[in-house]
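The values are calculated or read from the model by the stated rules, or taken from the named source; none is laboratory data. Please read these numbers as outputs of a predicted model, since none were measured by experiment. Here the Cβ positions follow ideal geometry from the backbone for every residue, glycine too, while neighbour counts run over all protein chains shown. All accessible areas refer to the heavy atoms of the entire protein, side chains included, with ligands and DNA or RNA removed. Shrake-Rupley method; radii C 1.70, N 1.55, O 1.52, S 1.80 Å.
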Amino acid sequence: MAGKRSAGLLLHRGGADGGIEVLVAHMGGPLWARRDAGAWSVPKGEYVPPEEPLAAARREFTEELGLPPPEGRYVPLGDVRQAGGKVVTVWAVAGDLDPAAITPGTFELEWPRGSGTLRSFPEVDRVAWCTPERARARLVTAQREFLDRLADALAGGAGGAGEDRRPHRPDR
């Protein structure tokens, strides 16, 4: 059986100090409620082929945040493999949104465990614009690679050169 796959969008915008900021999402639900470091993610979600990964990334952005994905040039940042084995594929796109405007999707979970009671929780409980350095401290470990790839793409000129020049390494 093939492993799980997710696709997402890493939004970026110009920061107040002339640098950039990226949008990261804090994972919802009781398991993440009291955590900060390693409890944030690129807005993403699972898909199953034959759905195309970019189509899934755009769909999941809307499902997770309740807002349409920004229009613009989608720059591929490649894949990473998270500790649990899930492969995550991400595109960068310039955009802006007000974190207060999100209306996250929900999921159901038996909580407390073993209680037999299903409760609904938001897929993400908040989003924030962060410098790449701040995002690095917050993101799930494997997803930190996307920050490096975004910096490389932006250094290539005008929002990214359009090609992912870094090696495709699904083992990371």
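Values for this structure:
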| item | result |
| --- | --- |
| Close pairs (6 angstrom Cβ cut-off, 6 or more residues apart or separate chains): free of Cβ contacts under 8 Å to residues at least 40 places away in the same chain in region 102-121, open to solvent by 70 Å² or more (accessible area, probe 1.4 Å) and β-branched (Val, Ile, Thr) anywhere | Ser120/Thr106 |
| Qualifying position, being modelled with pLDDT of 95 or more, more than 21 Å from Arg13 (Cα to Cα) and not aliphatic (A, V, I, L, M), among Arg81, Arg73 | Arg81 |
| Answer from Ala16, Ala33 - the residue that is of a type outside the set (D, E, K, R), under 28 Å from Ala155 (Cα atoms) and open to solvent by 50 Å² or more (accessible area, probe 1.4 Å) | Ala16 |
| Selection status of Asp164, open to solvent by 50 Å² or more (accessible area, probe 1.4 Å), at pLDDT below 90 and in contact with a Pro (Cβ under 6 Å, 6 or more places away or on another chain) | yes |
| Test: residue in region 54-61 that is more than 13 Å from the chain's Cα centre (by Cα) and aromatic (Phe, Trp, Tyr) | no |
| Failed item in (1) under 20 Å from Ala128 (Cβ atoms); (2) within 13 Å of the chain's Cα centre (by Cα); (3) of a type in the set (Gly, Ala, Ser), with Ala16 passing the rest | (2) |
| Candidate set from region 1-30 (those that are part of a strand (DSSP E or B) and basic (Lys, Arg)); member that is nearest to Tyr74 (Cα to Cα) | Arg13 |
| In region 41-70, the residues that are open to solvent by 40 Å² or more (accessible area, probe 1.4 Å), charged (D, E, K, R) and touching a residue at least 24 places away in the same chain (Cβ under 8 Å) | Glu46, Arg58, Glu63 |
| Those residues of region 31-68 which are in a loop (DSSP other than H, G, I, E, B), modelled with pLDDT of 95 or more and within 19 Å of Cys130 (Cβ to Cβ), in sequence order | Val42, Pro43, Leu67 |
